[in-house]
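The block underneath contains the structure these notes are about, expressed in C-alpha cells.
The values are calculated or read from the model by the stated rules, or taken from the named source; none is laboratory data. Quick caveat, the model's predicted, so the values are computed rather than measured. So basically every Cβ, Gly included, is an ideal-geometry build from the backbone, and we count neighbours across all protein chains shown. Note: accessible area is taken over every heavy atom of the protein model, side chains too, but ligands, DNA and RNA are not part of it. Shrake-Rupley method; radii C 1.70, N 1.55, O 1.52, S 1.80 Å.
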Amino acid sequence: MSAAPEQTAERVSPAAKEQPELLRFATAGSVDDGKSTLIGRLLYDTKSIFEDQLEHVEETSKRRGDGYVNLALLTDGLRAEREQGITIDVAYRYFHTPRRKFIIADTPGHEQYTRNMVTGASTADLALILVDARKGVLEQSRRHAFIASLLRIPHLVVCVNKMDLVDWDQEVFDRICSEFTGWAAKLDVHDVTFIPISALHGDNVVERSANMPWYDGPSLLYHLEHVHVASDRNLQDARFPVQWVTRPMSDDLHDYRGYAGEVASGVFRVGDEVVVLPSGRTSRIAGIDTFEGALDEAYPPLSVTLRLEDDIDVSRGDMICRPKNRPTEAKDIEAMVCWMAERPLSPSGRYRIKHTSRTALAKVDQVVYRIDVNSLHRNEEANALELNEIGRLRLRLSAPLLVDQYRRNRVTGSFILIDESTNDTVGAGMVL
C-alpha cells in the first residue's frame with residue numbers, strides 16, 4: 001500500500017498556503033444540549049450577526065417569554081424547530097475571524113434525523129459534540145461519535161456544556177471525559193479534545209472563562225482557529241473527475257478544449273503525465289486554467305479546467321489521474337450505507353448510483369449486516385434497511401466505477417443511491 005496522505009503534506013505549494021484557510025465543522029448532540037445556542041454564541045461573540053438579525057431574535061425572544069436573548073433562534077430557522085425547541089434540518093452558517101473562515105453545519109440530535117446528520121457532517125473537517133454536564137454521556141452522544149468516526153471526520157471536539165448548572169465542578173467534567181474516552185477507544189477516532197463551556201453565558205466559547213480556573217486548555221474558538229487540517233487532505237492520490245468538457249468556440253478560443261471539474265485529491269502540475277480513465281489513454285497537462293487566470297498547479301478543493309497536450313476523447317464521468325496511481329475499477333463493491341428513505345431498502349433492490357460525476361445502475365446483492373449505532377452490535381440476520389439505519393451492503397453495478405476506499409479518499413470513496421421512480425436520494429454510501 002502506498003504512503004498515507006498525511007505523509008505527503010509537505011508537497012503543498014506556497015500558493016496553497018496563501019489561500020484563506022477554511023474549516024468546515026458539524027455540531028451534534030442530544031436534544032437540549034445547546035447546539036443551536038452555542039452556534040448563536042459563536043456568531044454573536046465574533047460579531048458575525050447583522051443588526052436586523054439580532055433585533056429580530058430579541059423581539060422573538062421577548063414574544064416567546066424566554067427572559068433572555070435566545071441565540072438559538074439564529075440557527076433554528078424552521079417554524080417547527082422554534083415551536084418544539086429542537087433542530088430538525090441541517091442549518092448552515094458562515095463566519096470568519098482574522099485567522100480562518102468557517103462553515104458550520106448545525107445537525108439534528110434526534111435519532112429519527114440521523115440521515116440529516118450524515119448529510120451535514122459528510123464534508124466536515126471536525127465534529128463538535130455537545131454533552132450536557134448534568135446528564136453526562138448519553139446514548140445519542142455515543143451514536144454521534146460513532147457516525148463521526150464512520151464518516152472519517154479526523155478531529156473531534158467534545159464540549160461539556162452547561163457547566164454553570166453544575167457549579168463549574170471539575171469532577172463532573174473529568175468524569176464525562178473519562179466516560180467518553182472509554183467509548184471512543186472502540187471507534188476509529190484519534191484526535192479528541194474536551195472543553196468545558198457554558199454556551200448561554202459564553203464561558204470558554206470565544207474567551208477563556210474565569211469561572212473554571214482549573215481548566216488550562218484553549219477556548220473553543222481558539223481551538224477551531226488553530227486545529228491543523230492541512231495534513232488531513234489526501235495529496236498523494238491525484239484524482240480529477242471530469243464534470244464538463246469546455247469548448248467556447250469563440251473567435252479568440254476557437255480551438256480551446258478543456259476539462260472542468262474539482263480536484264478531488266492529489267496535486268496536478270503543468271507538464272505532469274496523466275492517464276484518462278476508463279479509456280486508459282495517456283497525455284500530459286498542457287495548462288491549468290481558472291476564472292482568475294492560469295495556475296502552475298492545482299490541489300483540492302480547487303475547481304479548475306485542465307488542458308491536455310493530446311487531442312484524446314474525454315467525457316463527463318471520466319477521471320484524470322496518474323498512470324502509476326489509479327483508482328480501482330469495480331463493478332462489484334462493498335459499502336457502508338446510511339438509508340435515507342421512508343420506503344425501506346429491499347433485498348435485490350435496484351437503484352441508480354451516482355459517484356463523483358459518473359452514474360450507473362446498482363443492484364443490491366446482499367445486506368451483509370445492519371449495525372446498531374448505539375451498541376455497535378452487528379445484526380447479520382438483517383435483510384433490509386429502514387429509514388436512518390446503517391448497514392454493510394454488496395452492490396453489483398451495470399458499469400464499472402473508479403473508486404478508492406472511503407478511509408483513504410472521502411470524495412472518490414463516497415456515493416449516493418437514487419430511486420429511479422422518484423429521483424429521490426435514498427442512500428449515502430462509503431466504499432470499503
> For the residue pair R63 and R257, what label-to-label distance in nm results when each label sits 7 Å from Cα along the Cα-to-beta-carbon direction?
Replying inline: 6.0 nm
> What FRET efficiency do you get for S375 and D332 if R0 is 35 Å and r is their Cβ-Cβ distance, rounded to the nearest 0.05?
Replying inline: 0.70
> Spin-label point model (7 Å from Cα, Cβ direction): what's the S357 to R247 distance in nm?
Replying inline: 1.5 nm
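Tally Lys/Arg at +1 and Asp/Glu at -1 over every other residue whose Cβ is under 14 Å from the Cβ of H96; what's the total?
Working: positive: R24, K47, R93, R99, R100, K101; negative: E21, D45, E225.
With Lys, Arg at +1 and Asp, Glu at -1, the net is +3.
In the stretch 337-406, which GluC sites (Glu not before Pro) are in a loop and have at most 13 other Cβ atoms within 10 Å, using DSSP for the loop call? Intermediate results must be reported in sequence, preceding the final value.
On the way: sites: E342, E380, E381, E386, E389; in loops: E342, E380, E381, E386, E389.
Qualifying residues, ordered by number: E342, E380, E381.
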>> To check my understanding: the extent here is largest minus smallest coordinate of the Cα atoms along each principal axis. What are those three numbers for the stretch 149-305, in Å, largest first?
In response: 72, 34, 21
> Can you pull out the trypsin sites (Lys or Arg not before Pro) in the stretch 346-432 that DSSP calls coil and that have at most 13 other Cβ atoms within 10 Å?
Replying inline: R407
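Where does each of D332, D296 land when they are ordered by accessible area, with a 1.4 Å probe and the largest first? The partial results should precede the final answer.
Working: D332 90, D296 130 Å².
Descending accessible area places them as D296, D332.
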> Given the protein chains as shown and a 1.4 Å probe, how many square angstrom of H254 are accessible, to the nearest 10?
Replying inline: 100 Å²
>> On the Cα set of the stretch 91-224, report Rg and Dmax in Å, please.
In response: 14.5, 39
> Calculated FRET efficiency, E292 and N383, Cβ-Cβ r, R0 41 Å, to nearest 0.05?
Replying inline: 0.20
> Accessible surface of S414 in the full protein assembly, 1.4 angstrom probe, to the nearest 10 Å²?
Replying inline: 40 Å²
> How long is the gain from E55 to N325 if the chain were fully straight, where each residue apart is worth 0.36 nm and the alpha carbon distance is subtracted?
Replying inline: 91.7 nm
